[in-house]
């Protein structure tokens, strides 16, 4: 009985490898920039928010970050401007560029404190206008998954407004927030989700000292992206004035 299963696994290895390649890209950067620790600070946060990974170095880079690069200005340090240059059309590299040039990326850059005591990094002025995040998962599958998992706390359907448990917003209410793309991209990293929800290959394991308070939820990357696509497909709730949230 095991042989057919093993055969199917081996048969699908090339497809799994291609899927992993699509989520991982190579980033070329100046050694001086790497030594500041900025990339070590940025890249794990990018990975957590987007389920994409960047590998620094290598001869066949997909994206270059350098003062001499030919592309969009990404950030400054003192008088030095760093630019992003696309060297290939890699989808994960495009997502990194969109994130780094967005409001969320700018805030992440500004929060970094260099250990060398030099000037801090700042977004370029004027800041690049944020582009709406793209969610390319299977929205139909996401609707089913949302009803199964998210319906514990949220109102997930597209026909009801208002709140679910306590101050938990409905999905349509969530879509009415000005920062909904950032919230949606990082939903599995925002409290209280990490206490009971994991995304394979991205989230850390549950702590043995703090087990999940409810039946845990474990999603694959594809399932997480499907839920994101479903929420993004909903019409925002008409709630009048913008929701006051913490």
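Can you name the residue in the stretch 135-169 that is in a loop (DSSP other than H, G, I, E, B), surrounded by fewer than 13 Cβ atoms within 10 Å (Cβ to Cβ) and out of contact with any strand residue (DSSP E or B) (no Cβ under 9 Å at 6 or more places or on another chain) and, of all such residues, is modelled with the highest pLDDT?
136
Residue check: is residue 209 loosely packed, with under 13 Cβ neighbours inside 10 Å and at pLDDT 85 or above?
On the way: loosely packed, with under 13 Cβ neighbours inside 10 Å: yes; at pLDDT 85 or above: yes.
Yes: the conditions hold for residue 209.
What helices (runs of 4 or more DSSP H) lie completely within the stretch 1-84 and have 1 or more residues being at pLDDT 90 or above?
Details: elements: 2-23, 31-35, 38-50.
Because the criterion is at least 1 residues that are at pLDDT 90 or above, the helices (runs of 4 or more DSSP H) in the stretch 1-84 that meet it are 31-35, 38-50.
Taking only pairs six or more apart or across chains, which ones have beta-carbon atoms under 6 Å, a first residue in the stretch 214-227 that is assigned by TED's automatic domain parsing to the domain that holds residue 196, and a second residue that is in a strand (DSSP E or B)?
As it stands, the answer is 217/197; 218/198; 219/199; 224/199, since those pairs meet every condition given.
Just wondering, is there one or more residues in the stretch 174-184 that are at pLDDT 90 or above, touching a helix residue (DSSP H, G or I) at 6+ places or on another chain (Cβ under 9 Å) and not assigned by TED's automatic domain parsing to the domain that holds residue 102? Before the answer, list the steps.
The initial filter retains those residues of the stretch 174-184 that are at pLDDT 90 or above, namely none.
Looking for residues that are at pLDDT 90 or above, touching a helix residue (DSSP H, G or I) at 6+ places or on another chain (Cβ under 9 Å) and not assigned by TED's automatic domain parsing to the domain that holds residue 102, one finds none in the stretch 174-184, hence no.
The values are calculated or read from the model by the stated rules, or taken from the named source; none is laboratory data. What you are looking at is a predicted structure, and each value in this text was computed from that prediction instead of being measured. Ideal geometry is used to build each Cβ from the backbone, glycine not excepted, and the neighbour counts take in all protein chains shown.
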